[in-house]
């Protein structure tokens, strides 16, 4: 029997290794797996490379990992926000590395890894600082930069509902990076509001099929 | 006001030009826009390049276009079936050109066009006849072939329900190539069972957002 | 001579959005455009975090925490709106599916180069977000900005001094003094505020200006 | 010596699918595997046309015309199943998300090359379908086939004579005479039908065989 549900947050993040590349979903605070990130602090893994759109808010989730000194590098599109002090302080102190990637390029590079492709040519960033050092190629008269797949050892995700197979649905704009990151990691872990019976999710409306998910933990929360 | 609905099949296929590249959805007979293809026969465009998974069944839809002599070339993964006599006859008579592309590569090449990318590296087909003449590249120790985007002038699609913005839902495995082809053509035309009020489709369960759709025509049919 | 207010710049840009357009509004000044769409026009607003049909900000306290816009403020969805994931949101952007991307700018060059992502302030980590994707992908990129910086330096330049977001993409600029088109003929003044002559406008502009034969006064209503 | 029936070959392959596996069954002989999954194991079957959780064929007349399998026969969905589009279906295949791809074969070489898509019959147009994707993408590719052709020619060869589907991908072969593993040590016989010696098996095999120290009799139940 397939049962990907686990009983606790500690069990959900068990076994994550030092030095792991961790995809952390969310756009700002929305759709961000804060409880899983908190559990990862407890779990103790360090020297992490984080792939995320932002770099954490206040002291929640990802910001907590940074404050705890567990993050070696952040690959993201937009580290700054009004309350991104954890990252800002670590960055100014030279304690954290930053690799800036355009937002659509981050998600496309993760999808590329998920799809088993070796890379793609993107028009985004051509002629800018962020394309420096990258292979340039003209295809049918337009200039492109070569982008490589971006894969995670682990993905930390947040969804609304799940079943024991790991099928997922989301709420509104909390979907954001979750479905792509779910596909792009070796170990995909999701926190959900609610676990439902197998067969209760509409097969036409499942956004992330369970094949991409390894562990599911219910954390409750608002609907 | 945005109203992509049109009153007739004739209006739905109006203006399609001779020589056009037409993406025709469906996997076998399921999800195939047969009524639109029939209307295209009436409309009269010729010298067409068809991109599809199969090459038509009996005398329906795409097969009808072939029988009517309107198709110059078919780009597909699997032309043969027990009832693909229209294509088989034209092929044997040397009246139609065939470009064979692996099934996943066809859909990925269309998505590539839809996503504004210049091409991608795929492991599929490496070392086979279907990769002959294609650029080969080794990336991180694995061999890939370079695949270019595949774009349509027109997409002929079939969905279950639509609203006047062109938002679409599908039924079961009739989804197949429809969502990808919808994104990959300059003019995307869909036949649907039913047109519903704007706002009646669940925004979490819309599969093809209306931005990709240009014309919607209701043809009724079973639910 | 009375320069436009920020709301008047937004009003002017809104007048040019045709009924049925799909539009992404950048953070800051472009966001105001949504408030000035002429009655009777249905415009579909796209948000990079996976929304088509972005509606107005809800009354304070009535928002859904899972529904935010690209600026991470509370948002709403209009009937006909749809949710999707980040990779699809950027497929829409990069793949040319949006009619207009309206962006803010630090600088625009006379060849349409755009600089709007970093001033290289050493006190803060840089952030690019979706800026490069939005600048590279839409059918047409338009800029809204003040004509000069706070200390009077021109923003419309022969060449950008800040790092580029994208090269050669901007087609129209709305400022507090003028509406400018950028094309093969260079920078053409289509509208100027009343009481301002070409010489006076040129004095505030580094790029060489040409006056359109059919130029008109830029005269928004009081707002 | 009693060769296995087709159903017995399928039975043998089914025994090796662990509980919780995600599996794609190729058209023909591999399709039979679904009938022989040992009790208590939950296996999720994938179909290239956008289905996870493919169930048994419905009773005649009770199928849904919109729900078919890769062979275009009537199908069903099990509780927990999900529908998705073709590009996602092949992302799962190409991206290594399937545990097993079970395929038929014309020939397999001693280095794991697979030929199963064309015999270059000049009387028919060629078709590749999803064969190359399925052979290139799954975590493990296994083949089910008769040990020899109808006229007694070996299918397990030093090198394939028919055009390749993929090079170096097959890890295990189930035939009516044996279970063979292909790896760095070459082709290793893990099981043989009772009454057959290595020399007799070698006589029906072009590739050089080695007998595993712990080889066992291949003895399926009567089916």
Per-residue mean of C-beta atoms belonging to partner chains within 10 Å, peptide B:127-138 = 4
task = Provide a whole-number value for the mean count of partner chain Cβ atoms within 10 Å of the Cβ atoms in peptide A:20-31.
result = 3
task = Report the residue, chosen from D:203, D:131, D:13, that carries the largest GNM mean-square fluctuation when chain D is represented by alpha-carbon nodes joined by springs under 10 Å.
result = D:203
Expected 222 nm ellipticity per residue - DSSP helices of 4 or more, -39500 (n - 2.57), all of chain C, to 500 = -4000 deg cm²/dmol
key: Zone of residue C:5's modelled label, taken as backbone nitrogen in the stretch C:164-199 under 15 Å from a point 7 Å along Cα→Cβ   = C:176
query = Which of these, A:137, A:164, A:111, has the largest mean-square fluctuation under a Gaussian network model of chain A (Cα springs below 10 Å)?
reply = A:137
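Explain nothing, just the number: relative contact order of chain B, from Cα pairs under 8 Å at least 6 residues apart, as a whole percent.
Reported relative contact order: 22 percent.
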message = For a test of the definition: using alpha carbon positions, the gyration tensor, and the 1.5 limit on a/c, classify the stretch B:90-151 as rounded, prolate or oblate.
response = oblate
key: Angle between chain D longest axis and helix D:6-15 axis [Cα atoms, degrees, rounded to 10]   = 80
query = Taking the inverse of the average 1/r across all pairs of different Cα atoms in the stretch D:6-218, what Kirkwood radius in Å do you get?
reply = 17.8
task = Can you give me the three principal axis dimensions of the stretch A:1-122 from its C-alpha atoms, in Å, biggest first?
result = 44, 35, 26
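With a ≥ b ≥ c taken as the square roots of the eigenvalues of the C-alpha gyration tensor of the stretch D:122-184, please select rounded if a/c is under 1.5 and otherwise prolate if a/b is larger than b/c or oblate if it is not?
Since a/c reaches 1.5 but b/c is at least a/b, the shape of the stretch D:122-184 is classed as oblate.
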ask   = For helix A:103-114, what angle does its Cα long axis make with the longest principal axis of chain A, in degrees from 0 to 90 and rounded to 10?
value = 60
task = Kindly give the distances from residue A:19 to its copy-mates, label point to label point, with each label point 7 Å from Cα along Cα→Cβ, as nm values to one decimal ordered shortest first.
result = 5.9
ask   = When chain A is treated as a GNM, springs tying every alpha-carbon pair under 10 Å, which of A:168, A:130, A:62 comes out with the largest mean-square fluctuation?
value = A:130
task = Could you tell me what fraction of 2.2 N^0.38 Å the Cα radius of gyration of the protein assembly as shown comes to, as a two-decimal ratio?
result = 0.99
remark   = Distance in Å, no decimals, from the C-alpha centre of the stretch A:103-137 to the one of the stretch D:83-121 is 28
inquiry  = What does the extension gain come out to for residue C:171 and residue C:35, with contour length at 0.36 nm per residue minus their alpha carbon separation?
reply    = 46.7 nm
key: Over 22 Å [Cα-Cα, chain B], rounded percent   = 50
inquiry  = Can you compute the label reach from residue A:14? Point 7 Å from Cα along the Cβ direction, backbone N cut-off under 19 Å, restricted to the stretch A:136-171.
reply    = A:154-157, A:164-166
remark   = Counting only DSSP beta bridges fully inside the stretch D:6-218, the antiparallel percentage to nearest 5 is 50
request  = Please quote Rg/Rh for the stretch C:1-54 to two decimal places, taking the Kirkwood radius as Rh and restricting both calculations to Cα atoms.
outcome  = 1.00
remark   = If labels are modelled 7 Å from Cα along the Cβ direction, residue B:42 lies from its partners in the other copies at nm distances, smallest first, of 6.6
query = For the protein assembly as shown, what is the percent of antiparallel DSSP beta bridges, rounded to the nearest 5?
reply = 40
ask   = How high is the FRET efficiency from residue C:42 to residue C:15, r the C-beta distance, R0 22 Å, rounded to 0.05?
value = 0.90
ask   = For the Cα atoms of chain B, what angle does the longest principal axis make with the long axis of helix B:34-43, in degrees from 0 to 90, nearest 10?
value = 90
key: Part-to-part distance (alpha-carbon centres) for the stretch A:6-80 and the stretch D:147-178, which is given in Å   = 48
remark   = Restricted to chain B, the DSSP antiparallel beta bridge percent, nearest 5, is 30
ask   = For label points placed 7 Å from Cα toward Cβ, what is the shortest-first list of nm distances from residue A:139 to its copies?
value = 1.0
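None of the figures in this text is laboratory data; all of them are computed from the coordinates on show. Note that the coordinates shown come from a computational prediction; the quantities given were computed from them, not determined experimentally. Virtual Cβ from ideal backbone geometry, glycine too; neighbours counted across all protein chains shown.
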